[in-house]
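So the structure is just underneath, and the comments pick up after that.
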Amino acid sequence: ISEDSVSPMDLAEAQLQQELRSMFDIDTQTYLHTYFNLVQQLQPSSWVADIQELYRCVHTIKGGAVTVGAEAILHVSTVLEDLLSDLRVAKIAPPLEDGCLAQMLLEAGELLTNSLEVKTVGDAALKAVQSSVDRIVTLRGSIQQIYLPESNERTQLFQEFADQGFDLVVLELDMALEQLPTQGQVPDSALKIAKQTLQQLL
């Protein structure tokens, strides 16, 4: 084999990646089929189980996208997962009779389905699905406002902690760890900070 040609190992790797992507596409279609069926049959009596299953479908698609490097699908599934995560907080079903919530969930699912066609990576992948990502973020805001108004204040608090508090808490622990001796007993001060960190995270 000349230096300019592709090595057998590279060919095998490329073939493996192609097979993994094909399996991912098939599995994703199966999960999307389950997603759409569930959304169309949402009932108050099975709300908790149904919304959990919807979340699981999208979470699994997201995990597969990471594995095969399907960046466009990853971007869209991430924001849809966030939307469904909000709904998982509701232990009692929101009003479903008018079909409005189901319609928004169907639209989000269709946007995720469309992202399967995007094969680009990096900035090009994000650019290709940016409108879908933005639309799902808008749908999430509408769902929060209409169906989860009581959770808005708590969600905002969690978001502020995620943006700022978490970094500060971890930084404090990092600083304590850097001061640990290379050998010997862990100082009580470091243990105290570690326990405080865990408590704050809880």
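The values are calculated or read from the model by the stated rules, or taken from the named source; none is laboratory data. It should be emphasised that the depicted structure is a prediction, and the values quoted were computed from it without experimental measurement. A quick note on method: Cβ atoms are made from the backbone with ideal geometry, for glycine too, and the neighbour counts reach across all protein chains shown. Note: areas computed on protein heavy atoms with side chains; ligands, DNA, RNA excluded. Shrake-Rupley method; radii C 1.70, N 1.55, O 1.52, S 1.80 Å.
Some observations on this one:
- Placing one equal scatterer on every Cα of the stretch 56-151 and applying the Debye formula, the log10 ratio I(q)/I(0) at q = 0.19, 0.22 Å⁻¹ is -0.86, -1.07.
- Exposed-loop-free span, longest in the chain, where GluC sites (Glu not before Pro) count as exposed if DSSP calls them loop and at most 10 other C-beta atoms lie within 10 Å: 98-202
- A DSSP coil position with no more than 13 other Cβ atoms inside 10 Å describes the following trypsin sites (Lys or Arg not before Pro) in the stretch 35-137: K91, K119.
- Beyond 27 Å, the tail of the calculated P(r) for the stretch 2-132 holds 29 percent of the Cα pairs.
- A Förster radius of 25 Å, combined with the Cβ-Cβ distance separating V48 from R21, puts the computed FRET efficiency at roughly 0.15.
- Rough spin-label spacing in nm, given labels placed 7 Å along Cα→Cβ, for S189 and D82: 3.9
- Model label points for E13 and Q103, set 7 angstrom from Cα along the Cα-to-Cβ axis, are 5.0 nm apart.
- Of all accessible heavy-atom area on the stretch 1-141, the percent that carbon and sulfur account for (1.4 Å): 56
- Reachable lysines from K127, criterion Cα separation under 22 angstrom, eight or more residues apart if same chain: K62, K119
- In the chain, the DSSP-assigned H stretches of four residues or longer account for a calculated mean residue ellipticity at 222 nm of -25500 deg cm²/dmol, using -39500 (n - 2.57) per stretch and the full residue count as denominator.
- Per residue, in Å², the accessible surface of the chain once ligands and nucleic acids are set aside, probe 1.4 Å: 64
- For the pair A90 and K119, label points projected 7 Å from Cα toward Cβ lie 4.0 nm apart.
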